[in-house]
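Chemist: One structure, as structure tokens, below. Some questions next.
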Amino acid sequence: MAKVLSFGIAKEITGGSVVDVPFESGITLSGLRSLLESRYPRLRDLKSFAIAVNGEYAAAEQLINDTDEIAIIPPVSGG
Amino acid sequence: MTDIKISESPLNVQSCIDWVQSPESGGIDVFLGTVRNATKGRPVQYLEFEAYEPMAIAEMKKIAEEILAKWPVNKILIHHRTGKLGVGEIPVIIAVAAAHRGAAFDACRYAIDTLKQTVPIWKKEVFEDGEVWVAAHP
């Protein structure tokens, strides 16, 4: 189980700025992405989304622990 | 030198210019983002900005560090606002000071273009009859 932060449109899709998502430590980022997409299918409607791990954009093959700070990053639109 | 900030309070243009100014610099380039009154002809009531603040600060610092490595600039400042902003208010200020104007212009443009691509900040446009998270959907 890990806490997943979400922002912007992703917050509306997951239903909160912090949600609990069950997964096993050692999953890859792409594994976590699929898990999030099946749990929250409307994420697939976005133009794209990234996942940040401990405040950094993470690569698809990176391994994730349930103690990491995970954040769903929908398309950014600052400025 | 860099000055990076995210703030809920109004940004102050003059104090940003004062911060980047120094005797070594012969030019200051300033970019101000301002809230526009309409999108595709649809009147905008206000914008709401949200940030993943620690990561947004870190990404803004990365941009500033890249600029210092790439162009001969003396000082760079990036300030971004969060919360509700009305038409004409300033969500972002970028100020770059350099010995010569070319580097200041190039670095300033790079800063705003990169910020819009990488910094985890989101804006919602609020219209009279609905609201839209900008760039969220294809």
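Chemist: Would you please list the contacts, defined by Cβ atoms under 8 Å and residues six or more apart or on different chains, that run from a residue in the stretch A:43-58 that is more than 9 Å from every other protein chain (Cβ to nearest Cβ) and open to solvent by less than 30 Å² (accessible area, probe 1.4 Å) to a residue that is part of a loop (DSSP other than H, G, I, E, B) and among the charged types (D, E, K, R)?
Modeler: Listed pairs, sorted by first residue: A:V53/A:D68; A:V53/A:E69.
Chemist: For the stretch B:1-29, which residues satisfy the criterion of being in contact (Cβ under 8 Å) with a residue 12 or more places away in the chain, of a type outside the set (G, A, S) and not in a loop (DSSP other than H, G, I, E, B)?
Modeler: Result: B:T2, B:D3, B:I4, B:K5, B:I6, B:V13, B:C16, B:I17, B:W19, B:V20, B:I28, B:D29.
Chemist: So, in the stretch A:60-77, how many residues would count as being in a loop (DSSP other than H, G, I, E, B), open to solvent by less than 50 Å² (accessible area, probe 1.4 Å) and out of contact with any helix residue (DSSP H, G or I) (no Cβ under 6 Å at 6 or more places or on another chain)?
Modeler: 4
Chemist: For the stretch B:3-22, check the following and say yes or no: at least one residue is touching a helix residue (DSSP H, G or I) at 6+ places or on another chain (Cβ under 8 Å) and more than 14 Å from every other protein chain (Cβ to nearest Cβ).
Modeler: yes
Chemist: Sort through B:A99, B:A111 and tell me the only one that's in contact with a strand residue (DSSP E or B) (Cβ under 9 Å, 6 or more places away or on another chain), more than 9 Å from every other protein chain (Cβ to nearest Cβ), farther than 23 Å from A:G55 by Cα and hydrophobic (A, V, I, L, M, F, W, C).
Modeler: B:A99
Chemist: Looking at B:E89, B:E24, B:E53, can you tell me which residue is at pLDDT 95 or above, open to solvent by 40 Å² or more (accessible area, probe 1.4 Å) and touching a Pro at 6+ places or on another chain (Cβ under 8 Å)?
Modeler: Exactly one of B:E89, B:E24, B:E53 is at pLDDT 95 or above, open to solvent by 40 Å² or more (accessible area, probe 1.4 Å) and touching a Pro at 6+ places or on another chain (Cβ under 8 Å), namely B:E89.
The values are calculated or read from the model by the stated rules, or taken from the named source; none is laboratory data. Because the structure is a prediction, the values reported are computed rather than measured. For neighbour counting, all protein chains shown are included, and Cβ atoms are generated from backbone atoms with ideal geometry for every residue, glycine included. Areas reflect the complete protein model, heavy atoms only, side chains present, ligands, DNA and RNA absent. Shrake-Rupley method; radii C 1.70, N 1.55, O 1.52, S 1.80 Å.
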